[in-house]
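Trainee: The structure follows.
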Amino acid sequence: MTDHNSNPVFHVRPGGALSGRFRVPGDKSMSHRAVMLGALAEGDTRVEGFLEGADALATLATFRQLGVRIEGPRHGALRIRGVGLHGLSAADGPLDLGNSGTSMRLLAGLLAGQSFDSTLTGDDSLRRRPMGRVTDPLADMGAAIETAPGGTAPLLVRGGRPLQGITYQMPVASAQVKSALLLAGLYAEGETWVHEPAPTRDHTERMLTGFGYPVRRDGAWSGVTGGGRLQACDIDVPADISSAAFFLVGASIAEGSDLVLEHVGVNPTRTGVLDILDLMGADIELRHPREVGGEPVADVHVRARPLHGITIPERLVPLAIDEFPAIFIAAACANGTTVLTGAEELRVKESDRIAVMADGLTALGIQVEPRADGIVIHGGTLTGGTVDSHGDHRIAMAFAMAALRSSDTVTIRDCRNVDTSFPGFADLSREAGLGLDVEHHAPEAP
Ligand code: S3P
């Protein structure tokens with residue numbers, strides 16, 4: 001049982017190798033969307049493989065507050081008693097989304113179409129993240145959303161405003177913005193079309209289709225027409241490639257490693273990490289590719305192999321956007337230099353991932369040159385040392401894998417948020433061969 005009152009520190013012993021065959025937890029993006037669309041559907045939706053991590057659980061708790069009956073989760077299984085597009089009711093207080101940007105941004109769109117007001121808030125990290133990227137185009141649709149100064153949360157989403165479909169070209173490639181607008185579009189009069197400057201994850205489009213809601217796709221455009229209905233369906237959430245990424249990197253860099261990760265979602269809008277590791281020389285093979293509920297899935301076999309530095313093609317950046325902390329560890333262990341550009345979005349994730357990774361890599365003896373939109377990493381020898389994850393789950397897990405190649409213990413502070421996306425990370429990585437000990441710390445006084 002997780003102790004929610006502690007802020008764990010990871011101590012990871014140097015060396016070792018990863019082996020075995022296992023399934024990492026369910027996909028976070030799909031888990032959020034399964035709850036949202038299941039709640040808005042007519043009938044009962046059954047979900048398997050739901051991620052029981054804090055972010056997806058925040059979405060689940062929100063829909064309970066909005067009057068939806070949800071049974072579970074029990075071993076990743078949920079039964080959502082859908083209330084239909086117009087069946088939600090006002091919550092009795094603010095909706096606290098914790099650390100979850102996906103919950104907040106998608107809900108801003110979905111709640112803009114309701115007849116009642118809602119307040120969305122979250123933790124310190126989430127209350128620093130930019131929300132204007134969703135509230136501005138939603139305002140163009142007729143939504144009324146009040147933000148804190150600077151366009152951040154808390155958001156007060158006014159209900160009872162008629163929405164109009166819009167045609168919107170996103171200035172940044174963001175699946176959260178696209179999804180927020182498509183969800184608002186379900187409630188809008190006429191058509192809502194969203195253009196993405198580069199491909200981003202398309203789980204919303206695929207899942208809406210699975211719920212029987214027509215989504216039109218035309219090149220970089222996705223569109224919906226308001227006023228339709230969602231029909232309940234069964235959803236099998238595959239393992240999250242973003243969680244698998246830590247093991248893909250760990251097994252690639254640790255000599256003697258040989259791992260199979262089962263039932264991983266390999267939607268082509270998510271597989272940038274496979275392409276980048278492949279360009280770096282990794283030995284990764286997709287076995288038994290199949291399609292499950294409209295999403296491509298495969299078992300992923302990875303074996304250690306020396307990596308070399310590359311210039312990361314910018315077109316792969318949105319397709320690997322959450323995997324850069326892990327990719328930076330691969331780059332630190334590679335021969336030669338890795339150059340990342342076109343990735344300014346990393347500065348507004350759960351932490352400033354360029355700055356926080358640069359500090360951590362430097363603390364472990366790696367030479368880096370952070371830039372406004374990316375970083376240059378010179379592969380080298382990792383010493384041990386102490387790094388601060390700044391409460392960023394993916395940074396904590398990435399540095400845990402770095403110890404496989406360090407000369408001394410790697411200590412990672414502020415690991416409380418690992419549970420947001422990867423409950424059980426410490427146990428699973430220990431079983432796979434990582435020398436990880438968790439020290440529990442009392443929280444700091446406010
Ligand atoms: C997500 C989209 C991405 C990603 C996030 C999950 C989603 O964010 O980083 O972890 O589920 O739509 P952006 O849309 O801000 O790129």
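Quick note: the coordinates plus some simple rules give every number you see, no bench work behind them. Everything numeric here is computed off the predicted structure, so don't read it as measured data. Note: ideal-geometry Cβ built from the backbone for every residue, glycine included; neighbour counts use all protein chains shown.
Trainee: Which one of A17, A58, G43 is farthest out on the positive end of the charge dipole of the stretch 1-61, using unit charges on Cβ (Lys, Arg +1; Asp, Glu -1) and the Cα centre as origin?
Mentor: Toward the positive end, the furthest listed residue is A17.
Trainee: Could I ask something else about it? Identify the residues of the stretch 242-273 with backbone N under 17 Å of a label point that sits 7 angstrom from the Cα of H301 along the Cα-to-Cβ direction, or state none.
Mentor: What the label zone holds, given the 17 Å backbone N cut-off, is 248, 251-252, 256-264.
Trainee: Something else about it: Can you show me the helix-derived [θ] at 222 nm for the chain, built from DSSP H runs with n ≥ 4 at -39,500 (n - 2.57) apiece and divided by the number of residues, rounded to the nearest 500.
Mentor: Numbers: 13 runs with 129 residues, N = 446.
Computed mean residue ellipticity for the chain: -8500 deg cm²/dmol.
Trainee: Now for a separate question. Suppose the chain between T209 and H440 were pulled fully straight at 0.36 nm per residue; how much longer would it get relative to their current alpha carbon spacing? Walk me through the numbers before you get to the answer.
Mentor: Working: separation 231, 0.36 × 231 = 83.16 nm, distance 4.40 nm.
Fully extending the segment from T209 to H440 adds 78.8 nm.
Trainee: Further question on the same structure: What span do the alpha-carbon atoms of the stretch 267-387 cover on each of the three principal axes, reported in whole Å from largest to smallest?
Mentor: Computed over the Cα atoms, the extents are 43, 31, 25 Å.
Trainee: Calculated FRET efficiency, S115 and H308, Cβ-Cβ r, R0 56 Å, to nearest 0.05? If you can, show how the numbers build up before the last one.
Mentor: Working: r = 57 Å, r/R0 = 1.02.
E between S115 and H308, to the nearest 0.05, is 0.45.
Trainee: Of the listed peptides 327-339, 76-88, what is their order by residue-averaged count of other C-beta atoms within 10 Å, with the highest listed first? Before the final figure, lay out the partial values.
Mentor: Working: 327-339: 23.6, 76-88: 18.4.
Top to bottom by mean Cβ count within 10 Å: 327-339, 76-88.
Trainee: At R0 = 56 Å, how high is the FRET efficiency between R229 and S407 if r is their beta carbon distance? Nearest 0.05 is fine. Kindly include the intermediate steps, with their values, before the conclusion.
Mentor: Values: r = 60 Å, r/R0 = 1.07.
Given R0 = 56 Å and the Cβ-Cβ separation, E is 0.40.
Trainee: Another question about this same structure. Can you tell me the Rg and Dmax of the stretch 211-334, counting just the alpha carbons, in angstroms?
Mentor: Taking only Cα atoms of the stretch 211-334, I get Rg and Dmax of 16.9, 56 Å.
Trainee: Based on the Cβ-Cβ distance from R158 to A355, what FRET efficiency comes out when R0 is 35 Å, to the nearest 0.05? Kindly include the intermediate steps, with their values, before the conclusion.
Mentor: Numbers: r = 36 Å, r/R0 = 1.02.
Step by step, r from the Cβ atoms, then E = 0.45.
Trainee: For the chain, just run the numbers: alpha carbon Rg, then divide by 2.2 N^0.38 Å, N being how many residues it has. Could the numbers behind the result be given before it?
Mentor: On the way: Rg = 21.0 Å, N = 446, 2.2 N^0.38 = 22.3 Å.
Dividing the Cα radius of gyration by 2.2 N^0.38 Å gives 0.94.
Trainee: Sticking with this one: With the alpha-carbon atoms as the only input, what is the per residue convex hull volume for the stretch 395-446 in Å³? Please list the in-between numbers first.
Mentor: On the way: hull volume 4.7 nm³, N = 52.
Output value, Cα hull per residue: 91 Å³.
Trainee: Compute the separation of the alpha-carbon centres of the stretch 341-413 and the stretch 269-311 and state it in Å as a whole number.
Mentor: 22 Å
Trainee: Let me ask something else. Based on Cβ point charges of +1 for Lys and Arg and -1 for Asp and Glu, what charge dipole magnitude is obtained for the chain about its Cα centre, in debye rounded to the nearest 20? Provide the component values of the computation, followed by the final result.
Mentor: Values: 39 positive and 55 negative charges, 110 e Å.
Roughly 520 debye for the chain.
Trainee: Express the C-alpha Rg of the stretch 32-153 as a ratio against the empirical globular expectation 2.2 N^0.38 Å, rounded to two decimals.
Mentor: Working: Rg = 14.2 Å, N = 122, 2.2 N^0.38 = 13.7 Å.
Expressed relative to 2.2 N^0.38 Å, the Cα Rg reads 1.04.
Trainee: Oh, and also: Relative to the present Cα-Cα distance, how much length would full extension add between R347 and R315 at 0.36 nm per residue of separation?
Mentor: Working: separation 32, 0.36 × 32 = 11.52 nm, distance 1.80 nm.
Result for the pair: 9.7 nm of gain on full extension.
Trainee: I want to check the label-to-label distance for H378 and A144. Put each point 7 Å from Cα in the C-beta direction and report it in nm to one decimal.
Mentor: 5.8 nm
Trainee: Let me ask another. How big is Rg to Rh over the stretch 77-137, alpha-carbon atoms, Rh as the Kirkwood inverse-mean-distance radius?
Mentor: Values: Rg = 12.7 Å, Rh = 12.9 Å.
That ratio is 0.99, to two decimals.
Trainee: If you don't mind, another one. Residue farthest toward the positive end of the dipole of the stretch 173-291, with Cβ of Lys/Arg at +1 and Asp/Glu at -1: which of G212, A282, T200?
Mentor: After comparing all options, I get G212.
Trainee: Going by the alpha-carbon gyration tensor, a ≥ b ≥ c the square roots of its eigenvalues, is the stretch 126-192 rounded (a/c under 1.5) or, if a/c is not under 1.5, prolate (a/b greater than b/c) versus oblate? All intermediate terms of the calculation are to be shown ahead of the outcome.
Mentor: Details: a/c = 2.28, a/b = 1.30, b/c = 1.75.
It is oblate, given that a/c is not under 1.5 and a/b is not larger than b/c.
Trainee: Taking the radius of gyration and the Kirkwood hydrodynamic radius from Cα positions alone, what is the Rg/Rh ratio for the stretch 149-292, to two decimal places?
Mentor: Working: Rg = 18.9 Å, Rh = 17.9 Å.
Taking Rg over the Kirkwood Rh, I get 1.06.
Trainee: With θ taken as phi - 60° and the coefficients 6.51, -1.76 and 1.60, list the Karplus ³J(HN,Hα) couplings across the stretch 298-305 in order, rounded to whole Hz; mark glycine and proline as x.
Mentor: Each residue's phi maps through the Karplus curve to give 7, 8, 10, 9, 10, 10, 4, 7 Hz.
Trainee: Within the stretch 56-74, whose backbone N sits under 12 Å from a point 7 Å along Cα→Cβ of S89?
Mentor: 65-69
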